[in-house]
Amino acid sequence: MIEIYKHVLPNGLRIVVHPDITTPLAAVNLIYDVGARDEEPDRTGFAHLFEHLMFGGSKNVPSYDEPLQRVGGENNAWTSNDFTNYYVTLPANNIETAFWLESDRMLELNFTPKNLEVQSKVVIEEFKQRYLNQPYGDVPLLTRPLAYKVHPYLWPTIGKDIAHIEQATMDDVKSFFYKHYAPNNAVLAVAGNVKPEAIFRLAERWFGGIPRREVPLRSLPVEPAQTEARELTVERRVPADFLHINFHTGKRCDPDFYINDLLSDLLSNGPSSRLFQSLVKENQLFSDINAFISGDIDPGLFSVTGRLMPGVSIGRAEAAVWKELEAISTEKIADRELQKVKNKVESNLVFSEISFLNKAMNMAQYELMGDANDINNEIEQYRAISTQQIPEAAASIFRKENSSTLRYLAVNGPGEK
Amino acid sequence: MIIEVDRKKGPEFQILDKIDFLPISRFVLPNGVDVSLLEAGSQDVTKIDWLFPAGAVQAGKPLLASTVGNLMLEGTDSRTSAEISDIIDFYGAHLNVQTYHHNSVITLICLTKELPQLLPVVEDIVRNAVFDAKEYYIYLNKRRQEYLLESEKVRTIAARKFGQVVFGEAHPYGRQLELSQFDTLTREETIAFYKNAYTPLACRIVVAGQPGSDIKDLLTRHFGDVSWREGMVNLNGVSELMPSPDKFHLVEKDGALQSAIRLGRPLFNNNHPDFIPLQVVNTILGGYFGSRLMTAVREEKGLTYGIGSSIVSYQKSGMWVIASEVMGEMREAAVEAIFEEVKRMTDEPVDKDELELVRNYMLGELLRHFDGPFSSSDIYRSLWEFGLDFGFYAKMVEVIKTIGSEEIQLLSAKYLKREDFYVVVAGR
């Protein structure tokens, strides 16, 4: 149970606070309601590039990192298809420095051509390091456009193409900032050794003067229902064949999110899970296998992925995966098996509440989705799920005409033949 | 718009004075196994580490120690692999084994209330594992696939080569796993090593969290058995270092878009008097986001997504290593840019402002490292390997607060000579 205090500033900034006196530290987490889904199709990768630019100094502070490090702080950020999230941890008695720095870069960035030039290069190296120069690194670049035809989830956060990052101009940067970086488009969450009232006063002092901005209403193309199975086969120089099947599912805020989450746990969370026991251990078709849900704000994906053992044909591996998916769609789940994944959800929830940074990050995200207090109701949502609901959910998701299959085949691979 | 705050200057701040380390209580089980307890935290969760002298050094060859560590979980004389997995998952726990050079560590993280159900399973794994032939075969085949995948990454290729170059190909710290060793390892070897290494001899237990008042009884019942006989392993010896005579090594990889680079030198471990002050030198050079290497190679030149340096301690040696993945066609420029920063550490004194920043950053970082019982217990466990305790970090706090720019320059001149550095490149 996380104790949560809330406050909203006149300019629309929402603030959520959780006091945790067991740590001498505090986390300040600022989440903006903008992600890769808000990009233009010919300007992809921009939300993420922008995240990098946010560290290039702001209106009154030439460097973001330096003053933070000077008070013992550390920070980082991430961009997803839905959100851009910035976070700081620092000794709690120096927390005001985080308010100064975060508010100044919300007020106005220091837009310099040099910053744009260097960060474009850095992001291009990140693109290469993560997506092009790694075995299987380009998988997201292949599977997303297979599963989505019109919704912007069809590109990954890094972008469709390096060229989009190279072409970014200063005008793009400025217009993106004023469109999305606004107090009324963000949530500030603080967890750690702090007093809620003091945090609200700090927020007023530092963020109160930032004007509300005109944030365009989001109107994204709706992905039409998929009606036939999609397939793509590619050949790459990798050590083993790889299979990736995507299925369309619902939104993060739909009630069946929790059922789908347990369904993915039954299939692949932990060494006792179904896919691992059957496909890795018993039949030795895969060296590793996973099932997971994306949990996106707009309708997302249920993915099943695995790397094949040598000598196993992709057809055989695929048939074996489908057999497991059909079994969970048609057969009754034993009470104990469902209880097992529920227990795991409960204990992981307790483990995650050890970290004050985790708590700040979760509160911010939940508040942006609706209400930070929903964190405390989650466990009830999981507990309420019955054994009948699992096959129902599985049967509605695991349909051939709802699937997009990537067969990623190893050719002339280095290593063994 | 009216802004009442001074946005140019920023708020006042305080400098960290000291770190409050968690107290540790110790007791010994009837068979001599030593237990350390760090009792803290707001959640009823427990983390237990079992340390055994079952690392790669004792195994004497690659693959053996880690295979034994992982296969222990795959079946005992009374529980199958599937049954063990099912119990661990059912109680929402995490159980894994990691092997290092000089020891292996079994880690259990669970809700405290489940300890009575889980400790018998850990006891069984440690004492009665059977290394079933089928499990052995499945594990090694799976592991071979992971090895092949890792071998494709320039980062891994460079890291493996760097170890060989700095410590020597035959030295336990330098020798690397090769594909052929998957065919020569035998199940009999794993059983023999298990029987000798997983015994009360040099076994230690570290408990952290809120394990409850009966933890001593539970551990005594499951790990204190006086009839559990000690095994026989090599507890000390490693051979002399045999570094490569060549300072530059290139491992070419066709089609690589980036080159992974490792630059560094052999060093001592954290028992050496210069080790603590060198942490400050390392932080300035490449130990944090605002470091000189990150600033020059990423933020000014845009040659990489990331670069960092670190000092690694081993029981009998250590190394100082700078690692990055850089634009393939700019590899030479990147190496020169790195050496330029290395040289600047010796040529110019660190200015007051930069040193103040690094001091405060490092103190904040220590505070983060010691936050909570789990991370404190990890630090405690690694210190113990060197015969040290939290006093090591109390001393580090003092050094960070008082070290001057002259000392930093002198240490740099002593340890950052270009001629002492090895350069390893994987890619092109």
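The values are calculated or read from the model by the stated rules, or taken from the named source; none is laboratory data. Everything quoted here is computed from the prediction, not taken from an experiment. Reconstructed Cβ throughout: ideal geometry from the backbone, glycine too, with neighbour counts over all protein chains shown. Note: accessible area is taken over every heavy atom of the protein model, side chains too, but ligands, DNA and RNA are not part of it. Shrake-Rupley method; radii C 1.70, N 1.55, O 1.52, S 1.80 Å.
For segment A:60-150, the gyration tensor built on C-alpha atoms gives a prolate shape. Its axis ratio a/c (a ≥ b ≥ c) is at least 1.5, and a/b is the larger of a/b and b/c. When the charge dipole of the protein assembly as shown is built from unit charges on Cβ atoms (+1 for Lys and Arg, -1 for Asp and Glu) and taken about the Cα centre, the candidate among B:Gln58, A:Ser219, A:Ile333 whose Cα reaches farthest toward its positive end is B:Gln58. Only four residue types carry charge here, +1 at the Cβ of Lys and Arg and -1 at the Cβ of Asp and Glu. Report the dipole size of chain B about the Cα centre in Debye, rounded to the nearest 20. In debye, rounded to 20, chain B gives about 560. The mean sequence separation of alpha-carbon pairs under 8 Å and at least six residues apart, normalised by the residue count of chain B, gives a relative contact order of 21 percent. When the protein assembly as shown is described by a simple charge dipole with +1 on each Lys and Arg Cβ and -1 on each Asp and Glu Cβ, the residue from A:Gln69, B:His249, A:Val173 located farthest towards its positive end is B:His249. Does segment B:250-311 classify as rounded, prolate or oblate by the C-alpha gyration tensor (a ≥ b ≥ c root eigenvalues; a/c under 1.5 gives rounded; else a/b over b/c gives prolate, otherwise oblate)? It is oblate, given that a/c is not under 1.5 and a/b is not larger than b/c. Dipole orientation for segment A:5-207: of the candidates A:Tyr32, A:Trp78, A:Leu188, A:Leu188 has the Cα lying most toward the positive pole (charges on Cβ; Lys, Arg +1; Asp, Glu -1).
Geometric descriptor of segment A:289-417, per residue, is 178 Å³ (volume of the convex hull of the Cα atoms). What share of the DSSP beta bridges in chain A is antiparallel, in percent to the nearest 5? Just about 80 percent of them are antiparallel. Solvent-accessible surface of protein heavy atoms, probed at 1.4 angstrom with all chains present, puts B:Phe13, A:Phe111, A:Phe302 in the order B:Phe13, A:Phe111, A:Phe302, largest first. Pairs spanning more than 29 Å between alpha-carbon atoms, out of A:Lys174/B:Lys8; B:Lys18/B:Lys352; B:Lys153/B:Lys395: B:Lys153/B:Lys395. Could you list, in their original order, any pairs among B:Lys161/B:Lys417; B:Lys47/B:Lys216; A:Lys281/A:Lys340; A:Lys6/A:Lys342 whose Cα atoms are separated by more than 25 Å? Violating the 25 Å limit, Cα to Cα: A:Lys6/A:Lys342. For segment B:324-354 versus segment A:203-217, the inter-centroid distance based on Cα atoms is 41 Å. Relative contact order for segment A:5-207: 40 percent, from Cα pairs under 8 Å spaced at least 6 residues apart, divided by residue count. The Cβ shell under 13 Å around B:Gly308 holds other residues with a net charge of +2, Lys and Arg each +1, Asp and Glu each -1. Solvent-accessible surface (1.4 Å probe) assigned to A:Lys179 amounts to roughly 80 Å².
Would you mind pulling out the separation of the Cα centroids of segment B:1-76 and segment A:38-56, in Å? That distance is 37 Å. A 1.4 Å probe over all protein chains sorts A:Thr143, A:Thr330 by accessible area into A:Thr330, A:Thr143, starting with the largest. Just checking the listed ones, B:Gly255, B:Gly92, B:Gly55: in the Gaussian network model of chain B with Cα springs under 10 Å, the one fluctuating most is B:Gly255. Note on segment A:285-350 and segment A:233-269: Cα centroid distance 7 Å, given to the nearest whole angstrom.
To the nearest 500 deg cm²/dmol, what mean residue ellipticity at 222 nm is calculated for chain B from DSSP H runs of n ≥ 4 alone, each contributing -39,500 (n - 2.57), summed and divided by the residues? Computed mean residue ellipticity for chain B: -12500 deg cm²/dmol. Normalised by the number of residues in chain A, the mean separation of alpha-carbon contacts (under 8 Å, six or more apart) gives a relative contact order of 23 percent. A:Lys149 contributes an accessible area of around 110 Å² to the protein surface, as traced by a 1.4 Å probe with all chains present. Once a ≥ b ≥ c are taken as the square roots of the eigenvalues of the Cα gyration tensor of chain B, is the result rounded (a/c under 1.5), prolate (a/b larger than b/c) or oblate (a/b not larger than b/c)? Since a/c reaches 1.5 but b/c is at least a/b, the shape of chain B is classed as oblate. Listed by chain and number, the aspartates and glutamates whose C-alpha is less than 12 Å from the C-alpha of A:Lys114, apart from same-chain residues fewer than 8 away, are B:Glu299, B:Glu300.
Seen against the Cα atoms of chain A and their longest principal axis, helix A:95-107 is set at about 80 degrees.
Among the residues of segment A:64-83, those with an accessible-area drop of 40 Å² or more from chain alone to full protein complex, heavy atoms and 1.4 Å probe, are A:Gln69, A:Arg70, A:Gly72, A:Glu74. Solvent-accessible surface of protein heavy atoms, probed at 1.4 angstrom with all chains present, puts B:Asp274, B:Asp225 in the order B:Asp225, B:Asp274, largest first. Solvent exposure of B:Val251, expressed as accessible area, is near 40 Å², computed with a probe of 1.4 Å over the protein chains only. Relative to the longest principal axis of the Cα atoms of chain A, helix A:257-268 runs at roughly 50 degrees. The helix-only estimate of mean residue ellipticity at 222 nm for chain A, built from DSSP H runs of length n ≥ 4 each weighted as -39500 (n - 2.57), is -11500 deg cm²/dmol after division by the residue total.
Here the dipole of the protein assembly as shown is about 900 debye; that uses its Cα centre as origin and unit charges on the Cβ of Lys and Arg (positive) and Asp and Glu (negative).
Charge dipole (Cα centre; +1 on Lys/Arg Cβ, -1 on Asp/Glu Cβ; no other charges) of segment B:239-363 amounts to roughly 380 debye.
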